[in-house]
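Report on one structure; see the data block that follows.
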Amino acid sequence: MVQERRRNRPNILITGTPGTGKTTTSTALAESTQLRHINIGDLVREKKLHDGWDDELECHIINEDLVCDELEDLMEEGGNVVDYHGCDFFPERWFDRIVVLQTENSVLYDRLTRRGYSGAKLSNNIECEIFQVLLEEAKESYPEDTVVALKSNTIEDITTNVATLTDWVRNWQPSS
């Protein structure tokens, strides 16, 4: 019989379309709670957990199995804020809270164009937000009571979100 270790710190996934404030929110949350921030995009680049480059979308083709293998021990330990624009390939057991950041289309468009997004990369991401693709993905992949959507249009929104999530972390109890 496999004995599952109980985490004494929660794991949180911060997801959302690129440009919704995932890294800003995750960094601030990790600072305020002393949780470990794991940026999946950085991890994929640093540890080469990809299968090459997608020229059309201008990004690495992530190898989901390699990413999960790399993270397994850290996630079992707990105390992580994972920051990534997808959520459906992570094991459900890893996360205690899934946060989907949402941003108004005009705000998102401005953020992405400032980042140099254009063409298919820009339109695909705006469409993702319009159709709430990541919220639906989260709701289909995780228990509904663990998924929360938060507005992320302004610095004030991010500050409020970090405060709300910090309170959640402080009140979190491991499930028995």
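The values are calculated or read from the model by the stated rules, or taken from the named source; none is laboratory data. Since this is a predicted model, take the numbers as computed values, not measurements. Quick reminder, even Gly has a Cβ in these numbers, built from the backbone with ideal geometry, and neighbours come from all protein chains shown. Note: accessible area is taken over every heavy atom of the protein model, side chains too, but ligands, DNA and RNA are not part of it. Shrake-Rupley method; radii C 1.70, N 1.55, O 1.52, S 1.80 Å.
Remarks
- Test: residue in the range 96-105 that is of a type in the set (Ser, Thr, Tyr) and farther than 14 Å from Gly16 by Cβ: no
- Here Ile14 fulfils each of the conditions (1) surrounded by 14 or more Cβ atoms within 10 Å (Cβ to Cβ); (2) part of a loop (DSSP other than H, G, I, E, B); (3) touching a Lys or Arg at 6+ places or on another chain (Cβ under 6 Å) apart from (2).
- Thr23 passes every criterion in (1) among the β-branched types (Val, Ile, Thr); (2) assigned to a loop (DSSP other than H, G, I, E, B); (3) surrounded by fewer than 20 Cβ atoms within 10 Å (Cβ to Cβ) apart from (2).
- Restricting attention to the range 149-174, the residues that are in contact (Cβ under 8 Å) with a residue 24 or more places away in the chain, closer than 23 Å to Arg7 by Cβ and hydroxyl-bearing (Ser, Thr, Tyr) add up to 1.
- All positions within the range 142-176 that are of a type in the set (Ser, Thr, Tyr), out of contact with any Gly (no Cβ under 9 Å at 6 or more places or on another chain) and open to solvent by less than 30 Å² (accessible area, probe 1.4 Å): Tyr142, Thr146, Thr166
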